[in-house]
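Inspection log for the structure reproduced underneath, given as structure tokens.
Here, each number is a calculation from the coordinates, and none is a lab measurement. In this text the structure is predicted, and so the values were computed from the model without any measurement. Note: ideal-geometry Cβ built from the backbone for every residue, glycine included; neighbour counts use all protein chains shown.
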Amino acid sequence: MRALVTGGNRGIGYAMAQGLIARGCDVVIGARDAQAGASAAADLGCTSVHLDLEAPDTFAPAIDAAGPVDILINNAGILIEDSMIAYPEGLRRSMQVMFHAPFELILLCLPHMAQAGQGRIINVSSGWGAYDEGLEGPGGYGVAKAALNALSHALPRDLPKGVSVNAMCPGWVHTRMGGQAAPRTLEEGADTALWLALDAPADLTGKFFRDRHEKAW
């Protein structure tokens, strides 16, 4: 099984890649900084591709270089704290990185998944993107994650047979984005994505999870 983890050169993505490798997966990490990606891949013992989610011209070459992808983890994200009104470009960038790019990568990975009759797509979201939790968070972050949640919920009706998609919230994790006060470890943040990628029922799709438990949208 080959897995592609976007933003896999650090943080939760790195922990996800590490966990997949430990389970015998052939892992490719996507990184905006090609040098950082190559360095992380060398440490992990996997391969890397240059994949900048704000540069769509990198998408197809990255997928071609990665080879047939059976597990896609759309992990990479950005946190722009400026007001959407004062800095509307922040919302545009958030939507590009956390909604438009994941959808485009799904489209690029689907032909192989459809042919294989199986595939798992995991969208790394956030409780800040849940209406049930009030769409909290700064700037356009929650709006972009809400859009990713909506995609994860609605996409199953159009996916090929055997291909699943789910969203997950890693919780507040001690990363560069999460900050030093965050209580959760990288491994705790990565756990649900690994479960969805490898151990969850194959027909489980269109759901939103935290700590392996379904949560409200």
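Please state the shape class of the chain: rounded when a/c is under 1.5, otherwise prolate if a/b exceeds b/c and oblate if not, all from the C-alpha gyration tensor.
rounded
To the nearest 500 deg cm²/dmol, what mean residue ellipticity at 222 nm is calculated for the chain from DSSP H runs of n ≥ 4 alone, each contributing -39,500 (n - 2.57), summed and divided by the residues?
Details: 7 runs with 82 residues, N = 217.
After summing the helix terms and dividing by the residues of the chain, the value is -11500 deg cm²/dmol.
From the phi angles alone, apply the Karplus equation (6.51, -1.76, 1.60; θ = phi - 60°) to the stretch 71-88 and give each ³J(HN,Hα) in whole Hz, x where the residue is Gly or Pro.
10, 10, 10, 7, 9, 4, x, 9, 10, 10, 8, 5, 4, 5, 7, 5, 9, x
Over the stretch 116-169, what relative contact order in percent results from Cα pairs under 8 Å that are six or more residues apart?
50 percent
For 191, 57, what ranking results if the residue with the fewest other Cβ atoms within 10 Å of its Cβ goes first?
57, 191
Put a dot 7 Å past each Cα toward the Cβ at residue 36 and residue 89; how far apart are the dots in nm?
Output for this residue pair reads 2.0 nm.
Please rank 185, 58, fewest neighbouring Cβ atoms within 10 Å first, as an exposure proxy.
Result, fewest neighbours first: 185, 58.
Just to check I understand the Karplus step: with θ = phi - 60° and J = 6.51 cos²θ - 1.76 cosθ + 1.60, what whole-Hz values come out for the stretch 156-161, glycine and proline as x?
Coupling constants for the stretch 156-161: x, 5, 10, 7, x, 4 Hz.
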